[in-house]
Amino acid sequence: MTTCALSRLPLWRPALLALAMALLGASQATAVCVGDCDGDGRVSIANLQACVNRGSGLPAPSCPAADQNNDGTVDPNEVDRCVQGFLDASTCPMVFTPAPTNTVGLTPGALSGSFGYRAELREQPRVTAAVITTCAAGAVLGAILLLALPSSVFEAIVPWLILGTCLLVGAQPRISRWLVGSSR
């Protein structure tokens, strides 16, 4: 059975490595001016009209930047922020939206790592299938939750997810020893 080089390192090193990768690889949230429906960095008269119409329940083009709390409607406070952004761009109320992840940048590394460990992956097809299935299910569930929940939930949970990941990476050698011992 082949072992991973990281499992021979002291416990704090893999956790530190995972934390550094998470912090350096994390994509930044982008600031969007409330009411900037077309993403040009300002609230135009057409954007303002869309905000007012959406807030009044009238037909209007889609404007996710007007819906600050992501509840699917534009309330009077959000219309007011759109008006403020239109009247004075320097005080344009900003709302932070999650940026696309850097999956495209990480995919080549994951694929080349899988290629490099292909012999080890072939030795344990059930484990490989379980990991792939778990990752795919987690990715789909995470994408659905990211799109369905308000951004405030996303902002609150990300630090805990990073901490949990770092703890799991740090505890991985002990968990592996326990799993190997319990399977005997």
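State all residues of the stretch 136-164 that are of a type outside the set (A, V, I, L, M) and modelled with pLDDT under 85; if no residue qualifies, say none.
Step one: of the stretch 136-164, the residues of a type outside the set (A, V, I, L, M) are 138, 142, 150-152, 154-155, 159-160, 164.
Correct list: Gly142, Pro150, Ser151, Ser152, Phe154, Glu155, Pro159.
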Legend entry - Considering residues of the stretch 153-184 that are touching a residue at least 12 places away in the same chain (Cβ under 8 Å) and within 21 Å of Pro64 (Cα to Cα) only, the residue surrounded by the fewest Cβ atoms within 10 Å (Cβ to Cβ): Glu155
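The values are calculated or read from the model by the stated rules, or taken from the named source; none is laboratory data. Note that the coordinates shown come from a computational prediction; the quantities given were computed from them, not determined experimentally. Please note: Cβ atoms are built from the backbone with ideal geometry, for glycine as well, and neighbour counts cover all protein chains shown.
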